[in-house]
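One structure is given here, and the rest of the page talks about it.
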Amino acid sequence: MSTENEGTEVPADPTAPSAPATPPAPATPPPAAQPAAQAPHQQHQQHQQPQESPQPAAPAGADATTRIQPPVPPAPPASVPAPPAAAPSAAAGAPAPPYAPVHAPEHAAAAAGGGGWPPAPPAVPSWGEPVPAPPAPRKRTGGLVAAVLAAALVAGGIGGGIGYWAAQSEDGGPASTTVSSGEAPASFKREPGTVAAVAAKALPSVVTIQAKSGGVQGEGGTGTGFVYDQEGHIVTNNHVVASAAEGGTLSATFSDGRAYDAEVVGRAEGYDVAVIKLKKAPEGLKPLPLGDSDKVAVGDSTIAIGAPFGLSNTVTTGIISAKNRPVASGDGGGSNSYMSALQTDASINPGNSGGPLLDAAGAVIGINSAIQSTGGGYGQSQAGSIGLGFAIPVNQAKTVAEQLIKTGKPVYPVIGATVNMNDKGEGARIAEQGAGGTEAVTPSGPAAKAGLRPGDVITAFGDHPIDSGPSLISEIWTHKPGDSVEITYERDGRTATTTVVLGERTGDS
C-alpha cells in the first residue's frame, strides 16, 4: 500500500469562491436563523437526509487565499418537515417510512438562472431518483472538525445502543452477540505422501536400544534399530551393541512403550552393521520396506528416525546431499569401519545411530551411522549435528544382515593387497610391506593375479575415483566376493588398467 500522499495538506484553490454558511432545514419550521451552537447536530442530520447542502466556508485566517464574502440571509425552511428520529424497531429490521421530497428554496431557482451571488445550491432529486455523489470536501477549520467528530461519536454511541437493544429483544433476555467460527471437521486424514503420514507408518517398526556392558560399571549407551523381519530380527549399528556383546544386556523399546529383552545375533565391525533378536518377539511385527540405495539421487527427500540424546521417536527431515561419500569412522574402542556413504543434511545426533534413513515413500535407503564433527573427524560420538550425516547404503546393509542372520559372521570382499591408509590426494598406494613384515601383495591373491605390485597407486576402482586408502576400502566393500572390477593405477608415471576378481575374508579377525 502506497503512503506517499499521506499527511500532505492540499492548499485551497484561490480562484474558487467559498460556499456560504447556509444551515440545513430543521425538523420543524424554526425562526429565520439558528444559533451557531447547533451546528454539530445539524451536521449529523445532513448525513441522515438524502439531499445535499452547500458546504460552510472556512473562517478568515485559515487560508491566506480565501476571500471573505458578505453575509448571506438564511434560507427559508423546507416545505416538508424532516422525518422523525429512527425508532429502535428500525434497527431490528423494520423498513424506514418514505419521505416526501424536500423542495428547494424559491430564491435559489432565481439565482440559478441569473448567475448572481449567492450561487444556486445543487438540485435535490425527486423521490426514487439516484442521489448524486457528494462533492469533494474542502478544507475545514478546527472548530468544524471538532463538531463533526463529536457528531460521529454521538452517532456511534446511538448505533451501539440500538444494536444491544435489538440483541436483547430478539432472545427475550441478555445473550452473547459473539460470532462463533465454524466447527472443526469431525475427522482429519493426512495424505499418504506427507512426512507425518510416512512417520506415523514407520514409527511402530522402529525401536530404541539400550545396551549395557557386563562389567561392574554397567557402561553402555542408547541407539536405534528397526524391524527387519517378523521373526524379531532388528538391524542396527555394531557400535550401538558392541558394549553388550560380551556378557552385557540389551533391550528394545517400541514407540508404544513395549520393551523386550534382546540378544546379539552377529556383528560386522568393518561394515558397522549388527543384528539383534528379540527374545520373546510379539506377533504382528511389521518390517520396514527396503528401498534401492543404488537408485537414490542427490536432492531426494530423506526422513531420519531415531533417539538423539535418548529422545526416542524423533523424526527429522532433509535431502540426499551427496552419494558415494567415502567415510572411515571409529567408535573410540579401536574398531574402525569404512563405508561409501549416503550423505544427508537431516539432523542426526548421537542416539540416531542404527536408525533408518527413509525416502519420501517410507522405504529404508540407509542406516544412520556417523556424523561430521567440527574438528574434522568422522565418528558416532560427536557433540551434535552440523548438517553432515552419513548412512550405510541399504543394499550393502541388507547383504551383511543376511550373512549375520545365516552364519553370525560377516564376509568381506578383498583384493589381497595392503594399502597405505595415511596418504591422501593422489590415490591408494600399495605399501612396500604388509602388517607384521608380511608381503604387501598376497601371493596368488586377486591383486597378484591382476599384475599389481608394491608401489602402484590405484586411482580408480570401477567408475569411482580413489584418493586414499580408506576410499578404496569403502568402494571394495560395496561389492561382493567374486565380482570383477576394473582398476586404474599408476606405475612409474604411467597410467594403466587391469581387472581384478575380488576374493573374500570371513569374520573380523
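All of the numbers you see were taken from the coordinates with simple rules; none came from a lab. In this text the structure is predicted, and so the values were computed from the model without any measurement. In this analysis, Cβ positions are derived from the backbone assuming ideal geometry, glycine residues included, and neighbour counts consider all displayed protein chains.
Residue pairs exceeding 31 angstrom between C-alpha atoms, taken from Lys212/Lys480; Lys286/Lys406; Lys189/Lys280; Lys212/Lys398; Lys286/Lys323; Lys286/Lys409: Lys212/Lys480; Lys189/Lys280.
Note on the range 266-323 and the range 409-459: Cα centroid distance 33 Å, given to the nearest whole angstrom. With R₀ fixed at 41 Å, the C-beta to C-beta distance from Asp229 to Asp508 puts the FRET efficiency at about 0.95.
Fully extending the segment from Glu432 to Leu203 would add 77.4 nm, taking 0.36 nm per residue of separation and subtracting the current Cα-Cα distance. Charged neighbours of Val198, selected by a Cβ distance under 15 Å, balance to +1 (K, R count +1; D, E count -1).
Name the shape class, rounded, prolate or oblate, that the alpha-carbon gyration tensor gives for the range 195-278, where a ≥ b ≥ c are the square roots of its eigenvalues, rounded holds for a/c under 1.5, and otherwise prolate holds if a/b is larger than b/c and oblate otherwise. Prolate. Legend: ranking of residues Ile305, Ile348 from fewest to most surrounding C-beta atoms inside 10 Å; resulting order Ile305, Ile348. Note on Glu402, Glu191: ascending count of other Cβ atoms within 10 Å places them as Glu191, Glu402, the fewest first. Distances between placed amide hydrogens fall under 5 Å for Gly220 paired with Ser213, all partners being 5 or more residues away or on another chain. Full extension of the chain segment joining Lys323 with Lys406 gains 26.9 nm, where the gain is 0.36 nm per residue of separation less the Cα-Cα distance. Panel order for Met339, Met421, by other beta carbons found within 10 Å of each beta carbon, from fewest to most: Met421, Met339. By the scheme Lys and Arg +1, Asp and Glu -1, what is the net charge of all other residues having a beta-carbon under 15 Å from that of Gly247? Local net charge: -2. Specify whether the C-alpha gyration tensor of the range 290-344 places it in the rounded, prolate or oblate class, a ≥ b ≥ c being the square roots of the eigenvalues: rounded for a/c under 1.5, otherwise prolate if a/b is larger than b/c and oblate if not. In terms of gyration-tensor shape, oblate.
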